[in-house]
Amino acid sequence: MANSKEERKRRDLTAAENYHLWVVSGGMCSFDGCKKKLIESTSGELTNVGIKAHIIGHAKSSARHEYMEKYGFTYETLENVENLMLMCYDHSKIIDDKKTRDQFPPDILFAMKEKHEKWVSSWSVDKKKSIALIHKRMGGPLFDIEYDSPAPYILLDAVEDQTVFDDFTPEGWEEGKKSNEILYQKFIEKIKEKEAKVGEIFPLSAIPLLIHLGSLLTDTVSYSIYQFDREKGFWVSENPGVNKDIVLTVKKDIKDCDDLAVLVSISGKVKMNSVKEVLGEEFDSLCVEVDDPDVKKVLYREDVINIQAKLKYEIEKLMQHQDYNKIHLFYAGPAGLAIEIGRGINPKMWSEVCLYEYNKRWTPKYQYALSI
Ligand SMILES: [Zn+2]
């Protein structure tokens, strides 16, 4: 008969053991074929939803408890990571449910655990650890992070701002800047705490906020910036090759004015008339445009990097000739590129950059939002 005192004494995992289990599982459900990412957002709070499922159960009536002695465990060692699998809620229920538990004897689960952990360690010996930063302040919150391909990093934790942004007043934009700074601080603290090497950024928000967020991202870690594929409903980053359709045209109109307007037309066309509605007639202009702007353009990393580099090069070339008072950035393009453009802004070298929000119902259609 089991010693009831021993049975009750169920030790908590140490932080190191918890972390170990998370890392060897790649932060994913270990159940065969599931691989669900175990970070989720519930009611606006990101949480680690991984369940530490026992292979051999602790309580007398629990699943597979009768195998404890046969497999050389004691009540104490049942809490060791060798007997635990990280799983999603559904799978942890299936293996423990009275109706289904018989399908999962210890041998099956130990083999599943071993297979999953081997697969995770095969990704690469030094697979990098990451922290996600989710900035989705439009179109409702994101609950799961779905990638187009196997996760390239071990995602350890996440920070998020998923509160809807709809206050387009000067105060609203100021609040948006402050929230960005707070979010970025949280992110940097997590990076330090978990010794992560990569930031995975999931952006879908008003463009001025994304460019501002990009300008805050220092090179403490490397970044992987995802783009939301609206058609397929998941996040993409790397892709096979570049999009050959993307040809950039650069047009300049330089009259030695004090202000420079930069028009970036990628997912839609920024019309010169709309810019004049805001700035009047007296400004130099730089137009960077893809052939046939379309919302489906520029999903992939290579394209984003190329466009960002070209734009930065052209702006900095103009700044060598002219001390602009202000740079006015009018941008119609994807969220990931907005973050990258923000990262390219060097406040020490550049004049003040003014950012505008577009709404076709507004007059003027572009309205000043904030400056960097
Ligand atoms: Zn699962």
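The values are calculated or read from the model by the stated rules, or taken from the named source; none is laboratory data. Since this is a predicted model, take the numbers as computed values, not measurements. Glycine gets a Cβ as well: all are built from the backbone with ideal geometry, and neighbour counts include every protein chain shown.
Check whether at least one residue in region 108-118 is away from the ligand (no atom under 16 Å from the Cβ), more than 30 Å from E189 (Cβ to Cβ), surrounded by 14 or more Cβ atoms within 10 Å (Cβ to Cβ) and over 29 Å from the mean Cα position of the chain (by Cα), and report yes or no.
Scanning region 108-118 turns up at least one residue that is away from the ligand (no atom under 16 Å from the Cβ), more than 30 Å from E189 (Cβ to Cβ), surrounded by 14 or more Cβ atoms within 10 Å (Cβ to Cβ) and over 29 Å from the mean Cα position of the chain (by Cα).
Do we have E282 as of a type in the set (D, E) and at pLDDT below 95 here?
Yes, satisfied.
Go through region 28-67 and report how many residues are modelled with pLDDT under 85 and either in a loop (DSSP other than H, G, I, E, B) or touching a Lys or Arg at 6+ places or on another chain (Cβ under 8 Å) (or both).
Here is the first cut: in region 28-67, the residues modelled with pLDDT under 85 are 35-50.
Filter again for either in a loop (DSSP other than H, G, I, E, B) or touching a Lys or Arg at 6+ places or on another chain (Cβ under 8 Å) (or both), leaving 35-36, 38, 43-44, 49-50.
The number of residues fulfilling the criteria is 7.
Take L210 and decide whether it is surrounded by 14 or more Cβ atoms within 10 Å (Cβ to Cβ), within 16 Å of V353 (Cβ to Cβ), among the aliphatic types (A, V, I, L, M) and assigned by TED's automatic domain parsing to the domain that holds V304.
no
If a residue counts only when it is of a type in the set (S, T, N, Q), which strands (runs of 3 or more DSSP E) contained entirely in region 158-272 have at least 2 such residues? Steps first, answer last, please.
Values: elements: 198-204, 222-225, 227-229, 234-236, 248-253, 259-265.
So the answer is 222-225.
Given the criteria of a type in the set (G, A, S) and touching a residue at least 40 places away in the same chain (Cβ under 8 Å), does A111 qualify?
Answer is no for this residue.
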